[in-house]
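Colleague: Could you have a look at this structure, given as structure tokens, before my questions?
The values are calculated or read from the model by the stated rules, or taken from the named source; none is laboratory data. In this text, all values refer to a predicted model and were calculated from it rather than measured experimentally. All Cβ positions, glycine included, derive from the backbone under ideal geometry; neighbour counts span all protein chains shown.
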Amino acid sequence: MRTLKIKDLTLDELELLEQDLHENGEKSDYGYYMQLVIVYETMYKKLRSLARNSGPEYDSALQYTKKLLVSHLIKFGPYTKMNHFKDDGDAVESLIKAIGLEQKLPIAYYRLGFLAYKHGKYGSAVRYFQQALNKQLLNDPRYALNQQQEFHAHMYLANSALYVASQTYDTMEKLPYLPEEQMPNPELSPLFETLSSNEKYLLNHAFYKITKNKTETCSKEACEDLYENSEPNELFLYFNDRENILLFNGEEVIITPTQANMIRHFLLSSSKENPCTRITMRDFFGRTGSDGEVRKNIFIKSIERLRVTLRSIDIPEIIDVTQYKGETAYYFNESVPFTVLFRIDDAFANEYVN
């Protein structure tokens, strides 16, 4: 019922609703990320109208809300129906909305190309990967591709074009009115060998595998094998194609993307010397508090919910608290070894692999 009334709320009421969503987290299996997107879409429409009719005083709020909306569409679009499970159709719909709001989004075009390629829509994949590479040339750091993603984009583009060529020649051979002597006879075999070689490479380097001291790539099959044969007392975080799984000593729990991304951030980007604060983790949350940063209560509550999730499968206390530059801060204490697995095309990848 609340979702249906969002469009009728004032901007102040929308901010309160957003705060309530962040404070209470994903309490059910459905609708959390969809509601956040609807809140930001409604805010954006109202602010755009105010900026158009009342002058530049609303421009800053408008641009900030647009940034939040685009970020949530790219990073959480696959979860708009179910909080714990990804859906490719929802991802595509959200990414198309994102590029409708902001054109300079290489990772959004890359994700669209990957999803088109995954489902055999090679003509669309060609267009999306070409756009991703074109936008990359603009050198805008927001949502840029890392080197691995840029290399994969070229390989996917080449393979997509080869698939389109192959399908075209297959269609030509079936034309009833084309005399056989007019049928071109190109030497495609070397190209198809290249396609096969590229496909094998992409499959074998589909995921990042990150441990404390090493970052490498591996296949989905290798990820599944690592998951099935994890070492005792090793923390295992797996962003697979359907869900995000936390595994420890044979016990597992499916977690929301927010918690999965927070755990990944603690494992890969925090230490006692460089802990995480509400300021450094602002991108995991929404609208800021009165001091221009994430509200302290929202930040602390989210960490406590995360600790409850970790305890649910008997993971030791791996997140310690400290003070850092006058702020409550948290960091991974390195008490257990870990492995993190996620796809090369992950929208967060550039934050952890340059």
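Colleague: Working carefully through the options 110, 128, find the one that is hydroxyl-bearing (Ser, Thr, Tyr), free of Cβ contacts under 8 Å to residues at least 24 places away in the same chain and in contact with a Leu (Cβ under 7 Å, 6 or more places away or on another chain).
Modeller: None of the others qualify; the one that does is 128.
Colleague: Looking at segment 24-127, what helices (runs of 4 or more DSSP H) fall wholly within it and have at least 2 residues that are modelled with pLDDT under 95 and touching a Phe, Trp or Tyr at 6+ places or on another chain (Cβ under 9 Å)?
Modeller: Per the criteria, 32-54, 59-76.
Colleague: Further, regarding this structure: Keeping to segment 229-252, report how many residues are over 15 Å from the mean Cα position of the chain (by Cα) and not hydrophobic (A, V, I, L, M, F, W, C).
Modeller: Selection size over segment 229-252: 10.
Colleague: Pick from segment 58-85 the residues that are touching a Leu at 6+ places or on another chain (Cβ under 6 Å) and of a type in the set (Ser, Thr, Tyr): which of them is nearest to residue 256 (Cα to Cα)?
Modeller: 65
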